[in-house]
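Asks: Structure provided below as C-alpha cells; questions to follow.
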Ligand SMILES: Cc1ncc(C[n+]2csc(CCOP(=O)(O)OP(=O)(O)O)c2C)c(N)n1
Ligand SMILES: [Mg+2]
C-alpha cells in the first residue's frame, strides 16, 4: 500500500500513543495529522509550539513524549523562531520530538541560514529524511533515542511530505526504550564508600524523575540515613515533607553541602550552571556519581566512583547492596532527621515570616504562602517563571508529589511557564495548573493567552506585578545589577487585569493581602469549568531568596 510520507508519520505517531501535537503553522505534515485524526494544539508562535511539547515530556517524566511541528525548509522562519525553544529543550535535556519541513533536495545552499548545522547544535539527533521509504526507520530511531539513555530533543526534517512509499514493506512496531543497569562491581565499590562516610549527602537530579525512581530514592535515603538535596529541575522528586529533605537552595542547603564528606549524586550531570550549585570544596569530597551518561563522569569535578545506568536501576542496586551489607539495618540514624528539620526550619524562617505579612503592596511570599493553602498540594501543578518567581518559589514552595512543581532552567527562557502550565493541563486534566510569572514572562506569553480560551484550558496565571525586573534594579536590598534597564509600566500605569480580561479570561486585580485567598479560590473555581484565569497581585519588589551555593547574589 503506497502512502505519502506525512500520512505515514501521522500513523506512526498514533501507534506510538501520541495523543496530540502542538504546532505553529505551516508544516507540511500538519494536513496529514488532521486527516488522520491527530488533534493539533495550535499555539500562537513556534517557540511555544516547542515549549508545550517539551514541557509535556518533562512533566510526564518522558513516559509520554511531547511532539511538535513547525515551519522549516528554505523559508525557515518558523524554525528560526522555534530555535529558542529547541535550545532550551536541548540545554535542559528534554525528550521532545520536533518535526519540520526539510530543505527540498536540490535546494540546499540557497539560504544564508544553515539548517542542518544549526539544528545539530540543539538536538540529540537531527534526521533528514532523504528517502520516503526511510520513514519507519527514522521514526524507530527517533523514538529509541527519545525513550533511551540521556534525554534530549530529536528533530526530523521532512523535505518531501507528499512522496510515497510502501507502508507494508517495513511495518512499524512501537519502540519500547531501553535502560541500562550498573556494573555490580561499581555498586559494591560505591556502597563501601557510602558506608564509610561520616556525613553522606544525596544530591538528586532530574534523571531520577525520568527514571521514575522517586520511591527508590526515598528508600535508599532512609536506609543510608542521608539528607537529600534536589536540583531545581528535580524539585519534588523527593517528597519535601520528608524529614530528610534539606531543600533546593538556601542557607540550610549550603550548610549540608559544606558538611558532607561523601556526595552521592544521582541523575544529575553535576554541571554548575547559572541555576544550580557549585559543589563547595569538591576536590576534598568523595563524589559518587550515578549517571546514565558516562560522559558526565569527571566532567567538572573529580569523580571518585561512577555507577553508570538508569537512576532507578542504580538506586535499587545500591539499596540492595547496602541492605545486604548491613543485614537490612542500613546506616545508623543518629539524630539526623530532627537536625535536618531544624536546619530547614531555620533556613526557611525568614520566608515563612513574610508569608504572613500584611504589608502593601503585597509581599510576594504572602501570595506563595496563600497559594499553598488554597491548592491541594497532592493534586496540583505549579511552575515559576524566570526572575524572582523562580528564585523565591524554588526556595519555599512545598512540593509533595513528583512534578507537583516544575522547576526548569539550566537556561531559563522567559515565558516557558505558560507552555508548562498548558502541558500540565493536557497531561493531568484534573489537576490544578498554575503558572506564576513576573511582568517579563507575562510579556512573552500575552499572544498565547488566546490558546487557553480557544482550547478551554482551565489554567491560572498568577502575576506578581511589581512594575519592574525586581532582581535587576535598585531594589530594596542592594544596588541592583542592571539599574538602567529594570523599570516597565507597572500596576499604577496599566491595569493588566483589564487588558487580559478583555480577551475573555477571568481576571482580578488584588491589592489587599486578605483578598488573595478568595481571589485564588475564584480562579480555581472557574478553571474547573475550563475557563482560564489571570490574577494580578500588586506586589512590592522583594528580591530575597535562597542562594545557589558557590554563586554571588546576582
Ligand atoms: C528569553 C530571556 N531573555 C532574557 C532573560 C533574562 N531575564 C531573566 S529574569 C528577567 C526579568 C524578570 O523580571 P519580572 O518578570 O518582572 O520578574 P520579577 O523578578 O520582577 O519577579 C530577565 C530580563 C531570560 N531569562 N530569558
Ligand atoms: Mg517584576
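Matching residues to (1) in a loop (DSSP other than H, G, I, E, B); (2) away from ligand 2 (no atom under 16 Å from the Cβ); (3) over 21 Å from residue 231 (Cα atoms):
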residue	(1), (2), (3)
400	yes, yes, no
408	yes, yes, no
412	yes, no, no
417	no, no, no
420	no, yes, no
424	no, yes, no
430	yes, yes, yes
435	no, no, no
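Asks: To continue, here is another question. What do you reckon, is residue 464 buried (at least 23 other Cβ atoms within 10 Å of the Cβ) and assigned to a helix (DSSP H, G or I)?
Replies: In short, no.
Asks: Further question on the same structure: Which members of segment 437-459 meet the condition of being assigned to a helix (DSSP H, G or I) and away from ligand 2 (no atom under 16 Å from the Cβ)?
Replies: Correct list: 447, 448, 449, 450, 451, 452, 453, 454.
Asks: Pick from segment 521-554 the residues that are part of a loop (DSSP other than H, G, I, E, B) and within 14 Å of ligand 1 (Cβ to nearest atom): which of them is surrounded by the fewest Cβ atoms within 10 Å (Cβ to Cβ)?
Replies: It comes out as 554.
Asks: Take segment 369-385 and flag every residue that is within 18 Å of residue 250 (Cα to Cα) and under 15 Å from the mean Cα position of the chain (by Cα).
Replies: 384
Asks: Consider residue 212 against the criteria (1) assigned to a loop (DSSP other than H, G, I, E, B); (2) in contact with a strand residue (DSSP E or B) (Cβ under 6 Å, 6 or more places away or on another chain); (3) surrounded by fewer than 18 Cβ atoms within 10 Å (Cβ to Cβ): it satisfies all of them except one. Which criterion is unmet?
Replies: It is condition (2) that residue 212 fails.
Asks: Can you tell which of 377, 393 is more than 16 Å from ligand 2 (Cβ to nearest atom) and either in a loop (DSSP other than H, G, I, E, B) or in contact with a strand residue (DSSP E or B) (Cβ under 9 Å, 6 or more places away or on another chain) (or both)?
Replies: 377
Asks: I've got another one for you. Can you find a residue that is surrounded by 24 or more Cβ atoms within 10 Å (Cβ to Cβ), within 16 Å of ligand 1 (Cβ to nearest atom) and on the phi > 0 side of the Ramachandran plot anywhere in segment 473-484?
Replies: No, segment 473-484 contains no residue that is surrounded by 24 or more Cβ atoms within 10 Å (Cβ to Cβ), within 16 Å of ligand 1 (Cβ to nearest atom) and on the phi > 0 side of the Ramachandran plot.
Asks: Shifting gears a bit: Condition (residue is within 26 Å of residue 416 (Cβ to Cβ) and buried (at least 21 other Cβ atoms within 10 Å of the Cβ)) applied to segment 346-363: is it met by at least one residue?
Replies: Checked against the condition, which is being within 26 Å of residue 416 (Cβ to Cβ) and buried (at least 21 other Cβ atoms within 10 Å of the Cβ), segment 346-363 yields at least one hit.
Asks: Would you pick out the residues in segment 441-472 that are away from ligand 1 (no atom under 15 Å from the Cβ) and closer than 22 Å to residue 511 by Cβ?
Replies: 460
Asks: A follow-up question, please. So which residues in segment 175-205 are in contact with a helix residue (DSSP H, G or I) (Cβ under 8 Å, 6 or more places away or on another chain), at negative phi, surrounded by 14 or more Cβ atoms within 10 Å (Cβ to Cβ) and assigned to a loop (DSSP other than H, G, I, E, B)?
Replies: Scanning segment 175-205 gives 175, 179, 180, 181, 182, 199.
Asks: Which number in (1) under 23 Å from residue 345 (Cα atoms); (2) surrounded by 23 or more Cβ atoms within 10 Å (Cβ to Cβ); (3) under 24 Å from the mean Cα position of the chain (by Cα) marks the one condition that residue 226 misses?
Replies: For residue 226, the failing item is (3).
Asks: Okay, moving on. For segment 71-91: of the residues being surrounded by 24 or more Cβ atoms within 10 Å (Cβ to Cβ) and over 24 Å from residue 5 (Cα atoms), which is farthest from the chain's Cα centre (by Cα)?
Replies: 85
Asks: On to the next question. How about segment 377-395: which of its residues are away from ligand 1 (no atom under 12 Å from the Cβ), more than 15 Å from residue 239 (Cβ to Cβ) and without any contact (Cβ under 8 Å) to a residue 60 or more places away in the chain?
Replies: 382, 383
Asks: In the list 409, 404, 438, which residue meets the criterion of being surrounded by 21 or more Cβ atoms within 10 Å (Cβ to Cβ) and over 14 Å from the mean Cα position of the chain (by Cα)?
Replies: Unique residue meeting the criteria: 438.
Taken together, the values in this text are just the output of simple stated rules run on the coordinates, not laboratory data. Just so it is clear, the structure is predicted and the values come from calculations on it, not from any experiment. Positions of Cβ are generated from backbone atoms using ideal geometry, with glycine treated the same way; all protein chains shown enter the neighbour counts.
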